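Undergrad: The structure that follows is given in the form of structure tokens.
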Amino acid sequence: MPTAITPKHYDAKVAETIASTDELRTGLPAYLGIRTVEVGPARMVAELDIRAELLNPFGTAHGGVGAGLVDHVLGSVLYPVIERGQWAATTEFKLNLVAAVREGTLRAEALIVAMSRRTAVVQVEVTNDGKLACVAQGTVLIPEARPSS
């Protein structure tokens, strides 16, 4: 993995909320069972357990499971390092699936490797019980905070 950036801004309270609040998991992240394991400046680790309903007819995890996990951490890693009121919008990512996943736990480590005022590049490495399962890199748009009315 490359080295994460040193962010200009880091809100430890936001990081703590992300790491400790299951209520933030809704929709697809909740269905997949994604749980945040670590959050730090420009770094986030999340996991999910492979369950029978996440497998395709051939007995391996659907590629969308890994893609959903990657997309989740790709944006979430930014919230502690952006200003309140801003948000993270994934604009694209490339995912290389390198090994079939049949059981166990997927663990995604996301690192912000470049960041400007409006965009960030995030790299994600996903392992399955310690073995590389996929790697990804994506670009995230960081829109300006909207003025409150």
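Every number here is computed from the coordinates shown, using simple stated rules; none is lab data. Here the structure is a predicted model, which means the values were calculated and not measured. Positions of Cβ are generated from backbone atoms using ideal geometry, with glycine treated the same way; all protein chains shown enter the neighbour counts.
Undergrad: Does anything in the range 121-149 have its amide N under 15 Å from the 7 Å Cα→Cβ label point of residue 56, and if so which residues?
TA: Residues 134 fall inside that zone.
Undergrad: Show me the ranking of peptides 55-63, 67-75, 34-42, 11-19 by mean Cβ neighbours inside 10 Å, starting with the highest.
TA: Ranked from most to least packed, the peptides come out as 67-75, 34-42, 11-19, 55-63.
Undergrad: Next question. How long is the gain from residue 30 to residue 8 if the chain were fully straight, where each residue apart is worth 0.36 nm and the alpha carbon distance is subtracted?
TA: 4.8 nm is the gain from fully extending residue 30 to residue 8.
Undergrad: Scale the Cα Rg of the chain by the rule-of-thumb value 2.2 N^0.38 Å and send over the ratio, two decimals.
TA: 1.03
Undergrad: Given a Förster distance of 25 angstrom, what is the FRET efficiency for residue 129 paired with residue 83, based on the Cβ-Cβ distance and rounded to 0.05?
TA: Efficiency computed from Cβ-Cβ geometry: 0.10.
Undergrad: For residue 131, go through the lysines and keep the ones whose alpha-carbon is under 22 Å away, minus same-chain ones fewer than eight residues off.
TA: Cross-link targets: 94.
Undergrad: Suppose R0 equals 25 Å. What FRET efficiency, 1/(1 + (r/R0)^6) with r the Cβ-Cβ distance, do residue 90 and residue 117 give to the nearest 0.05?
TA: Efficiency computed from Cβ-Cβ geometry: 0.90.
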